[in-house]
Amino acid sequence: MKKIGILTSGGDCSGMNAAIRSAVRSGLRHNLAMIGFRKGYLGLMKADYITLDSKAVSGILHRGGTFLQSARSPEFRTPEGQQQALANLRKLGVDGLIILGGDGSLTGALALHNLGFPVIGIPASIDNDIPYTDMALGVDTALNNIIYAVDCIKDTASSHARAFVIEVMGRNSGYLASISAIAAGAEYALVPERDFDLSEICQQLRARYEEGRDNAIIILAEGAGNAHQIADSIKDAIGFETRVTVLGHYQRGGAPTVFDRLLASRLGKNAVDLLLEGEKGLMVGLSNNSIITTSLEDVVEGEKKPHDEMLRLAEVLGI
């Protein structure tokens, strides 16, 4: 193996740059040529790439997002598009490819693997919904961003005796909502994996109010309901003044935490090592603080379940 390509796809997250840097430095140590495709699969389709040398990845470790950028590419989902991408890889003399991203990105990686091209995937998704890894890149940074915001909002909630519904990301996964609720001391976490009774929540809030607790924090995963409708229902049911804060893309950015920097560095190095060892069609992940590998097929077909221990902890803490 003489040349390895790298691309980042799907939603950006902190830690992607750190993983690119680690992979490039590891590759250069083995005298490999390293290139990066701009804007994910779109760049792969257009053969739009840059040379990744030591200078190219200097000063990116602490930066959020991805300096290679990311974009959607519906064309790549077609058989014709995948053949075009494969032809470009061969034309450029690329021997292996490292792909960073979430479930859609890893599905694309599996498609290339099924066409016979050596691919290694790195999980990068703040939702932490990728199976066979305890944590994906960007999750820890996103959680820290959320906690900072919730702590600030709690000051206002207590000052003005209000209930705040804070919407975080998580279309199909309530990981961010549930973990941040535990860490921030929120009263409720509403997640798509669990049904909830809004009338019961209103009754509990009324009881809290009568006990003298005149503010509350409700953290809502975006896939679990409409934040404004929930806030209006609370106000109409108990007269609690409510406000809504949608954190949105604020959660994705910012300097990666130490955890994300170290995880990214470990995953980037291991991805290069695997390709050099002749391995392919795998995702590198984290399990009990050890780096593991799982077939892309199992990852794409798998489903990540909510962490029972964390759910029990939330219940014990009254969330």
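Based on the Cα coordinates of region 1-97, what is the per residue volume of their convex hull in Å³?
Spelled out: Cα convex hull of region 1-97, divided by residues, is 76 Å³.
Considering only DSSP beta bridges with both partners in the chain, what is the antiparallel share in %, to the nearest 5?
DSSP beta bridges in the chain are roughly 20 percent antiparallel.
Mind scanning K3/K304; K46/K305; K280/K304; K269/K305; K55/K305 and naming the pairs with a C-alpha gap bigger than 31 Å?
Distance filter (> 31 Å) returns K3/K304; K46/K305; K55/K305.
For the chain, with all protein chains present and a 1.4 Å probe, just round the carbon and sulfur fraction of the accessible area to a whole percent.
About 46 percent, which is the carbon plus sulfur part of the accessible surface.
Percent relative contact order of region 1-119, based on C-alpha pairs within less than 8 angstrom and at least six residues apart?
Averaging sequence separation for qualifying contacts and normalising by length gives 36 percent for region 1-119.
Return the calculated 222 nm mean residue ellipticity for the chain, to the nearest 500 deg cm²/dmol, obtained by summing -39500 (n - 2.57) across DSSP H runs with n ≥ 4 and dividing by the residue count.
Per the formula, -13500 deg cm²/dmol.
If packing is taken as the mean number of other Cβ atoms within 10 Å per residue, what is the order of 298-307, 141-150, highest first?
Order by mean packing, descending: 141-150, 298-307.
Pulled fully out, how much extra length does the chain show between S159 and S287, if you take 0.36 nm times their separation in residues and subtract their Cα-Cα distance?
41.9 nm
If you take the Cα Rg of the chain and divide it by 2.2 N^0.38 Å, with N the number of residues, what do you get?
1.10
Which one, G239, G27, G43, has the greatest fluctuation when you compute a Gaussian network model over the chain with C-alpha springs under 10 angstrom?
G239
GNM, the chain, Cα, under 10 Å: largest mean-square fluctuation among R194, R266, R206?
Looking only at R194, R266, R206, the largest GNM fluctuation is found for R194.
Which of the peptides 70-76, 197-203 is most tightly packed, and how do the rest follow, judged by the mean count of other Cβ atoms within 10 Å per residue?
Going from most to least packed, we get 70-76, 197-203.
In vacuo Debye scattering of region 157-210, one point per C-alpha: log10 I(q)/I(0) at q = 0.24, 0.29, 0.32 Å⁻¹?
Listed by q, the Debye log ratios stand at -1.09, -1.27, -1.30.
The values are calculated or read from the model by the stated rules, or taken from the named source; none is laboratory data. Remember, predicted model here, so these are calculated numbers, not experimental data. Positions of Cβ are backbone-derived with ideal geometry, glycine not excepted, and every protein chain shown enters the neighbour counts. SASA here: full protein model, heavy atoms, side chains in, ligands and nucleic acids out. Shrake-Rupley method; radii C 1.70, N 1.55, O 1.52, S 1.80 Å.
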